[in-house]
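Report on the structure given below.
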Amino acid sequence: MSYLREAVEQQKQAMIRKLISEGIVSRDDTQISSKTVAELLEEYQDALKDYGQSILKY
């Protein structure tokens with residue numbers, strides 16, 4: 001696996017863990033792993049907007 005692909009996959013898994021730990025998505029969400037890092041980040045940002053917070057981009 002290329003270094004870039006591996007780095008993106010690690011970032012994606014970290015984002016998924018963050019979404020689950022924050023309660024934004026369920027651990028049982030079968031579609032979460034098919035989303036891109038950008039889609040996961042957008043989902044996280046949308047959830048934070050509901051609470052009036054912002055996120056730093058990775």
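Below is a table of values for the structure above.
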| quantity | calculated |
| --- | --- |
| Cβ charges +1 (Lys, Arg) and -1 (Asp, Glu), total dipole of the chain, debye | 200 |
| On Cα atoms only, tilt of 37-49 relative to the major axis of the chain in degrees | 10 |
| Longest DSSP-loop-exposure-free segment, trypsin sites (Lys or Arg not before Pro), the chain, at most 12 other Cβ within 10 Å | 28-56 |
| Of every Cα-Cα pair in the chain, the percent that sits beyond 15 Å | 48 |
| Per-residue [θ]222 nm for the chain (sum of -39500 (n - 2.57) over DSSP H runs n ≥ 4, rounded to 500) | -18500 deg cm²/dmol |
| Difference of contour (0.36 nm per residue) and Cα-Cα distance, residue 21 to residue 39 | 4.7 nm |
| Nearby aspartates and glutamates by direct alpha-carbon distance to residue 35 (threshold 20 angstrom, same-chain neighbours under 8 apart not counted) | 6, 9, 22, 43, 46 |
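Every number here is computed from the coordinates shown, using simple stated rules; none is lab data. Since the model is a prediction, treat every value here as computed from it, not as a measurement. As a convention, Cβ positions derive from the backbone with ideal geometry for all residues, glycine included, and neighbour counts pool all protein chains shown.
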